[in-house]
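One structure below.
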Amino acid sequence: MSFRKRQIAVALILIALFPLSVFGWGRTGHRIINSSAVKHLPADLSLFIRNAAYLADHSSDADYRRYTDSTEGRKHYLDMENFSEYISHSFPSDYSVVLAKYGEATLSSYGINPWATVWTLDSVTACLRRGDSTKALAFAADLGHYVGDAHQPLHATRRYNNDHNVHTRYETSMIDRYQSEIAVTPEIAHYVKDPFAFVLNYLYASNALVDSLYSADARASQAANYDYDSPTYYAVLWSGTRSFTLRQIQSASVDFASLLLTAWMNAQKSTDAGDLQPAIRQESSPYFAVYPNPFRSTGCEDVGPVMEFVIGSQALVKLSVFNVLGERVASLFDAPLPPGKYFTCLDSSRLTSGVYFALLHVNDRTVSRNVIFLK
Ligand SMILES: [Zn+2]
C-alpha cells in the first residue's frame, strides 16, 4: 500500500471509530451554514451563488483533514480563557506575536481559529484575484466551516466538553433531531473592514453562551434522569438552547456571507479589471458619495452626513448603514427608483462615535463607503 493510500485507509478507519460530530456543528449544521450563506449575497457574487451545493457538499472537508493533517485541528476552535489576552480583549492580529509568546505546542492545544480564518479569507481573495474559481470555492467552503465552528459556543472556550460528552450531544445529536426547526432567513451581507476583529467579536459572542449551554445540559440531564439517549434529554436541551442556537446558526451564515463579500470586494479593489474572470467582473459602479466624512452631525438639520448617489436607469435601490458589529443601524432606501440623482442623510442622534459602513445596492451591484462619526 502506498503511503498516500495508507493515509486514506487510516483516515477512513478513524472516521468510522470517531464520529465526525465531535469536531464542529456536525455535518448537518455545517451544511446549513455553508449552503444558506448565498442568501445574503448580492447577485454579483454569482460564483458562490451558483455553487451553493458545492459549498454545502464540502462544508466538512476541513474536519476530514484533521485525520491526516496534524496542523488542521487547531484551526477549528479557540480556548479563549487560556490566553492572558482574554479579559482585556487584546488578542493580537499578528500571529507571529502569539506564536512567539505561547509557542507552537501550546497554540496547537489552545487553538488558532481567528488567525486561520483570516488566512483562509486571504486565500479566497487571492484565488478570486487570480481568477482561479475552483480553488476560491474550495477555500470558501473551508472558510464557512471555520466561521461555523467559531459560532458553536463550545468551540470558543476551554470548557469544551464535560464528562458525559455534552459537546457531541449539543452540536450533532440535538441538531440532527431538530434540524427541521432550523431555517436561515435572508439578510444583507456587509463589507468587513477588519476581519480579525470581526472574527474575535463573534468568538466572544459564542463564549458568552457557554454557561447557558451548560445549565441547559444540567436541567436536561436531571429531567432525563441522566439517560443521555432519551428523547426527554434532547427535548429539554433543545428548549433551553433553541433561541441562541438558532441565532448562532443565522449569524454564522450571515458572517460567512460577509467574509465572502469582503474577499470579493478586496479582490476587485487591488486588481486590474482585465484580470478578472467574467463571473466576478463588475460593471461600472454607481456614483456614491458621503460628506462630510468624518462627520459630527446630530441629524439631518445639521451639516450631514449627506449620502448622494446617481443611478442611470430604473433600479431596485437599497441603502443601509451598519456598525462594526455588522448590525444595521439605518435603512435609508429600499425601493425601486427612477433614474436620477438622490440625496439622503443619516440621523446620527442615536449613534456612538466610531466607524460605520454605508452599503448601496443598485440592482445586483454593491458599493460601500466607510463613514467615520466623531462625537
Ligand atoms: Zn470543525
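Looking across region 220-242, the residues that are more than 20 Å from residue 152 (Cβ to Cβ) and touching a helix residue (DSSP H, G or I) at 6+ places or on another chain (Cβ under 6 Å) come down to 223, 224, 232.
Cβ-Cβ distances below 7 Å connect the following pairs, each with a first residue in region 190-202 that is more than 20 Å from residue 42 (Cα to Cα) and part of a helix (DSSP H, G or I), a second residue that is aliphatic (A, V, I, L, M) and open to solvent by less than 20 Å² (accessible area, probe 1.4 Å), and a separation of six or more residues or different chains: 198/192; 199/150; 202/150. Check whether at least one residue in region 360-372 is at pLDDT 75 or above, open to solvent by less than 20 Å² (accessible area, probe 1.4 Å) and not in a strand (DSSP E or B), and report yes or no. Within region 360-372, none of the residues are at pLDDT 75 or above, open to solvent by less than 20 Å² (accessible area, probe 1.4 Å) and not in a strand (DSSP E or B).
Which condition number in (1) modelled with pLDDT under 95; (2) within 14 Å of the ligand (Cβ to nearest atom) is the one that residue 120 fails? It is condition (1) that residue 120 fails. Within region 18-32, is even one residue charged (D, E, K, R), at pLDDT below 95 and within 16 Å of the ligand (Cβ to nearest atom)? Looking through region 18-32, at least one residue is charged (D, E, K, R), at pLDDT below 95 and within 16 Å of the ligand (Cβ to nearest atom).
Is one or more of the residues making up region 162-169 basic (Lys, Arg), closer than 11 Å to residue 26 by Cβ and assigned by TED's automatic domain parsing to the domain that holds residue 73? Yes, region 162-169 has at least one match. Going residue by residue through region 205-216, is there one that turns out to be surrounded by fewer than 19 Cβ atoms within 10 Å (Cβ to Cβ) and part of a loop (DSSP other than H, G, I, E, B)? Yes, because at least one residue in region 205-216 is surrounded by fewer than 19 Cβ atoms within 10 Å (Cβ to Cβ) and part of a loop (DSSP other than H, G, I, E, B). For region 51-109, filtering for residues that are touching a residue at least 60 places away in the same chain (Cβ under 8 Å), hydrophobic (A, V, I, L, M, F, W, C) and within 16 Å of the ligand (Cβ to nearest atom) leaves 3.
Please go through region 217-255 and pick out each residue that is of a type in the set (A, V, I, L, M), crowded, with 18+ Cβ neighbours inside 10 Å and within 20 Å of residue 160 (Cβ to Cβ). Matches in region 217-255: 220, 237, 249, 252.
Results for (1) over 18 Å from residue 142 (Cβ atoms); (2) over 22 Å from the mean Cα position of the chain (by Cα); (3) outside the structural domain of residue 203 (by TED's automatic domain parsing); (4) open to solvent by less than 40 Å² (accessible area, probe 1.4 Å), shown as yes or no for each residue.
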{"residue": "37", "(1), (2), (3), (4)": "no, no, no, yes"}
{"residue": "57", "(1), (2), (3), (4)": "no, no, no, no"}
{"residue": "67", "(1), (2), (3), (4)": "no, yes, no, yes"}
{"residue": "75", "(1), (2), (3), (4)": "no, no, no, no"}
{"residue": "79", "(1), (2), (3), (4)": "yes, no, no, yes"}
{"residue": "89", "(1), (2), (3), (4)": "yes, no, no, no"}
{"residue": "96", "(1), (2), (3), (4)": "yes, yes, no, no"}
{"residue": "125", "(1), (2), (3), (4)": "no, no, no, yes"}
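Summed over region 336-357, residues that are open to solvent by 30 Å² or more (accessible area, probe 1.4 Å) and within 21 Å of residue 189 (Cβ to Cβ) total 1.
The values are calculated or read from the model by the stated rules, or taken from the named source; none is laboratory data. Since this is a predicted model, take the numbers as computed values, not measurements. No Cβ is skipped: glycine too gets one built from the backbone with ideal geometry, and neighbour counts run over all protein chains shown. Accessible surface is based on the protein model in full, side chains and every heavy atom, while ligands, DNA and RNA are left aside. Shrake-Rupley method; radii C 1.70, N 1.55, O 1.52, S 1.80 Å.
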